[in-house]
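Working notes, structure below.
The values are calculated or read from the model by the stated rules, or taken from the named source; none is laboratory data. Everything quoted here is computed from the prediction, not taken from an experiment. We place every Cβ from the backbone using ideal geometry, glycine too, and count neighbours over all the protein chains shown.
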Amino acid sequence: MKKNIAVVMGGYSLEHDISIKSGDNVIKKIDKNRYNIFKVVVKKTKWVHVDQLDNEYNINKDNFTVLINDMIVNFDLVFNMIHGDPGENGVIQKYFENLNIKFTGPSSEIAKLTFNKKKCINYLSNFSIKTAKSHLLERNENYDLKNIINDLNFPMFVKANNSGSSFGVYKAYNEDEINKYIQDVFKIDNEIILERYIDGREFSVGVINNLGKIQSLGVTELISENDFFDYQAKYQGKHKDFTPAKIDTKLESLLKNNAEKICGILKIPGFSRIDFIVEDNTPFFLEINTIPGMTDQSIFPKQVVLNNFNLKDLFTEIIENSIK
């Protein structure tokens, strides 16, 4: 008997539309001979199953079931493809944990940690993972901006602490810019990271963790046509990416080893993507994407093919391991 798999997508953040594209691509790739697939779109106003004719059926949030043609559908597994809130910050994970429904990706505790950039950086620094020097600003709390500027120097990054897909990320070159960007980011987040600018090359490493067997898929170099790898560069074609990256084997091994180590420390199951910037042949951890993009433009699917994998088989492995 086929298992019922709910692919959840959408969410409450600015990444909603990207998540829909990722979720739709996952649905295309999952083995339909093995599983019954249900598209579930999560919005603040409603949670709905959307069928192939775009008919909507309300999800019962009390038990995460759906009534279709007078039949109640229960789900054996949730395949989580929500980028941002509530899919990567531990909120929806806690919801499913409370209902005893299995899901792909990290637990609520780990998701909450990894989504908070500053807490994740501080945690990993305890394990000798190199990170850029940074300061955290909190809304409605006092901070000494001049001292921070003296410590980090210009240019520096201004980042939303709880966001992804390069939303709320700016590069400030002077005090006027940094004050403007702080105001802009506080419109979308209550916490801001001011981070030292590292003049280096940016790389991303896809990682698979199947029941404790951790394997890095490949290394992609990201080269932005803009000043840095911002949202426009990432999703509107303003960048080039090289998969595999054109680097020597020593740097490739260093990046892969760092990515595998981070995945092991954080115990991220299934798939993830870890971003670094390399300065003087030293990788600095930027962030981990526990629900990496799966759109046609996304990095992770490109790395899968480097290992003679395909997404269909990979998703089957992840589903089966998550159901166990």
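Below are the figures for this structure:
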item	result
Only listed residue being closer than 30 Å to Phe315 by Cα, outside any loop (DSSP other than H, G, I, E, B), modelled with pLDDT of 95 or more and out of contact with any Pro (no Cβ under 7 Å at 6 or more places or on another chain), chosen from Leu124, Leu194	Leu124
The range 262-286 - residue that is of a type in the set (D, E, K, R) and surrounded by fewer than 19 Cβ atoms within 10 Å (Cβ to Cβ) and, of those, nearest to Asp241 (Cα to Cα)	Glu279
Residues located in the range 42-65, provided they are over 16 Å from Val7 (Cβ atoms), among the polar types (S, T, N, Q) and out of contact with any strand residue (DSSP E or B) (no Cβ under 8 Å at 6 or more places or on another chain)	Thr45, Asn55, Asn63
Subset of the range 76-135 (residues that are closer than 16 Å to Trp47 by Cβ, free of Cβ contacts under 8 Å to residues at least 24 places away in the same chain and either touching a Lys or Arg at 6+ places or on another chain (Cβ under 6 Å) or crowded, with 19+ Cβ neighbours inside 10 Å (or both))	Gln93
The range 127-149 - residue that is assigned to a helix (DSSP H, G or I) and not polar (S, T, N, Q) and, of those, farthest from Pro292 (Cα to Cα)	Lys146
Residue in the range 271-290 that is more than 29 Å from Val7 (Cβ to Cβ), without any contact (Cβ under 8 Å) to a residue 12 or more places away in the chain and among the hydroxyl-bearing types (Ser, Thr, Tyr) present	no
Condition met for Lys180 (out of contact with any Leu (no Cβ under 8 Å at 6 or more places or on another chain), outside any strand (DSSP E or B) and surrounded by fewer than 20 Cβ atoms within 10 Å (Cβ to Cβ))	yes
Looking only at the range 275-301, and only at residues there that are in a strand (DSSP E or B) and under 11 Å from the mean Cα position of the chain (by Cα), the one that is farthest from Lys29 (Cα to Cα)	Glu287
For Asn179: the one exception among (1) more than 30 Å from Ser322 (Cβ to Cβ); (2) within 20 Å of the chain's Cα centre (by Cα); (3) not aromatic (Phe, Trp, Tyr)	(2)
Test: Val205 is at pLDDT 95 or above, surrounded by 15 or more Cβ atoms within 10 Å (Cβ to Cβ) and more than 17 Å from Asn140 (Cα to Cα)	yes
Conditions (1) more than 18 Å from Asp275 (Cα to Cα); (2) in a helix (DSSP H, G or I); (3) touching a strand residue (DSSP E or B) at 6+ places or on another chain (Cβ under 9 Å); (4) outside the structural domain of Tyr173 (by TED's automatic domain parsing): number failed by Lys94	(3)
Residues of the range 1-33 classified as farther than 14 Å from Leu311 by Cβ, of a type outside the set (A, V, I, L, M) and in contact with a strand residue (DSSP E or B) (Cβ under 8 Å, 6 or more places away or on another chain), total	8
Scan of the range 197-227 for residues that are assigned to a loop (DSSP other than H, G, I, E, B) and among the small types (Gly, Ala, Ser), ordered by number	Gly200, Gly212
Pair list, Cβ < 6 Å and 6+ apart or interchain, from the range 301-318 residues that are in the same structural domain as Ile30 (by TED's automatic domain parsing) and closer than 16 Å to Val205 by Cα to residues that are of a type in the set (Phe, Trp, Tyr) and surrounded by fewer than 16 Cβ atoms within 10 Å (Cβ to Cβ)	none
